[in-house]
Amino acid sequence: MGARVVVVGSLNLDLVIGLERMPDSGETVFGDALEQHAGGKGLNQAVAAARIGVPVSMIGALGSDASGAWLRDVVDAEGIDGSAVAQVDGISGTALIEVDASGANRIVVIAGANAHVTAEHVRTSIAALDDIAIVLTQGEVPTDAIVSAMQAGRAAGARTILNPAPVRDYPEALYSLVDIVIPNEHEAAQLTGLPTETADQATVAARHLVRLGAGCAIVTRGGEGAVWATADASGSCAAFPIVPVDTVAAGDAFCGGLSAALAEGHDLTDALRWGSAAGALAATAAGAVPSLPRRESVERLVTSAE
């Protein structure tokens, strides 16, 4: 097993609207700010892992518009191998994000080029890479591309990780290809039909995902930390105390940080702490990619709590 993290996923232009509170249905409210950031769950997770310091390759698609050219520059600037990020005709992925004064967010995603990531492109791109430790994917590319990512990751001898966000009608057979599945508590409830309000309930939901075929399930719970389960064990990881500013990419930072730590050879317990620290730090800054912390900050937070 090598040290490379391969991320198969979305790349988006994020248009972030700051506002005091979310509008009710049919209501108009004033916003405080409008910002443009790089985002998309795939790109967020790729940057999160790259900033920890591991080699990262990105597989996805960008449009032929100005947003696509700008996002490709972001990939290059972060030191991510973007040779498998294809260009397709049309618009790039775009997300409209509302962030209220408490840091809570509401997101609408327009898939754009992300809808054109094909299973064959994923398969051949992974097969062309060496030294792969982790293949990480999410729910913002087509389902057949997600399945292909997990199949190709297994074929390459890598550990496969699925962040099933947003929740979709994932084929049940997908779970048997997944070494680690990482939903948040709301996604876990949707995927399993089980309550996840408490740590015990979230652990039951994690065990259910393992029974579906996943090797390990980690349910993230924001400020309440995370719980995990395998076929024969379960546990929890406490959250690092922070004052949230914007939680938009916190879950992506968790996935990227955990993946990078596993790629470096950390065990699951240590990797959970690295993921939790990365997620906590991301919630203390605005934006998606701009909020993702660098290794020194994550390492400092991890060691300060030991």
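Each value in this text was obtained by applying a stated rule to the coordinates, not by laboratory testing. Owing to the predicted nature of the structure, the values given are computational and were not obtained by experimental measurement. No Cβ is skipped: glycine too gets one built from the backbone with ideal geometry, and neighbour counts run over all protein chains shown.
Here is the list for the range 121-197: GluC sites (Glu not before Pro) lying in DSSP coil, each with at most 11 other C-beta atoms within 10 angstrom of its C-beta, are 197.
For the range 50-174, what is the relative contact order in percent, using Cα pairs closer than 8 Å and at least 6 residues apart in sequence?
Values: 206 pairs, mean separation 24.1, N = 125.
Relative contact order for the range 50-174 comes out at 19 percent.
Note on the chain: GNM, Cα springs under 10 Å; of 169, 24, 252, the largest mean-square fluctuation is that of 24. Counting only Cβ charges, +1 for Lys and Arg and -1 for Asp and Glu, the dipole size of the range 1-149 around its Cα centre is about 400 debye. Per residue, the average separation of C-alpha pairs within less than 8 Å and at least 6 apart gives the chain a relative contact order of 18 percent.
For the range 4-304, what is the Kirkwood hydrodynamic radius in Å, using each pair of distinct C-alpha atoms? Intermediate results must be reported in sequence, preceding the final value.
Details: mean 1/r = 0.0530 Å⁻¹.
Every distinct Cα pair counted, the radius reaches 18.9 Å.
What the Cα atoms of the range 1-148 give is an Rg and a Dmax of 16.3, 53 Å.
What FRET efficiency, computed as 1/(1 + (r/R0)^6) with R0 = 22 Å and r the Cβ-Cβ distance, is obtained for residue 224 and residue 245, rounded to the nearest 0.05? Walk me through the numbers before you get to the answer.
On the way: r = 18 Å, r/R0 = 0.84.
The value I calculate is 0.75.
Look at the dipole of the chain built from charges on Cβ: of 29, 188, 260, the Cα furthest out on the positive end belongs to 260.
Charged side chains reduced to their Cβ positions (Lys and Arg at +1, Asp and Glu at -1) give the chain a dipole of some 580 debye around its Cα centre. Computed on the range 103-260, the Cα convex hull volume stands at 120 Å³ per residue.
Restricting things to Cα coordinates, could you compute the convex hull volume per residue of the range 118-169 in Å³? Write out the running numbers ahead of the final one.
Numbers: hull volume 3.1 nm³, N = 52.
Considering the Cα atoms of the range 118-169, their hull volume per residue is 60 Å³.
In order along the range 293-302, the Karplus-derived 3J(HN,Hα) couplings, from 6.51 cos²θ - 1.76 cosθ + 1.60 at θ = phi - 60°, round to x, 9, 3, 4, 5, 5, 4, 5, 5, 4 Hz, and Gly and Pro are given as x.
In this structure, the amide hydrogen of residue 87, modeled 1.01 Å from its nitrogen in the peptide plane, lies closer than 5 angstrom to those of 62, counting only residues at least 5 positions away or on a different chain.
In nm², what is the average projected area of the convex hull enclosing the Cα atoms of the range 7-53?
Values: hull surface 18.5 nm².
Average projection, Cα convex hull of the range 7-53: 4.6 nm².
Here the range 21-83 is treated as a sphere whose radius is the Kirkwood value from Cα pairs; by Stokes-Einstein at 10 °C and 1.306 mPa s it diffuses with a coefficient of 115 µm²/s. Among 294, 159, 106, the largest mean-square fluctuation in a Gaussian network model of the chain, built with springs joining Cα atoms closer than 10 Å, belongs to 106. Treating the range 194-306 as a set of equal point scatterers at the Cα positions, no solvent, please give the Debye-formula log₁₀ I(q)/I(0) at q = 0.13, 0.23 Å⁻¹. Debye curve over Cα of the range 194-306, log10 I(q)/I(0) at q = 0.13, 0.23 Å⁻¹: -0.47, -1.26.
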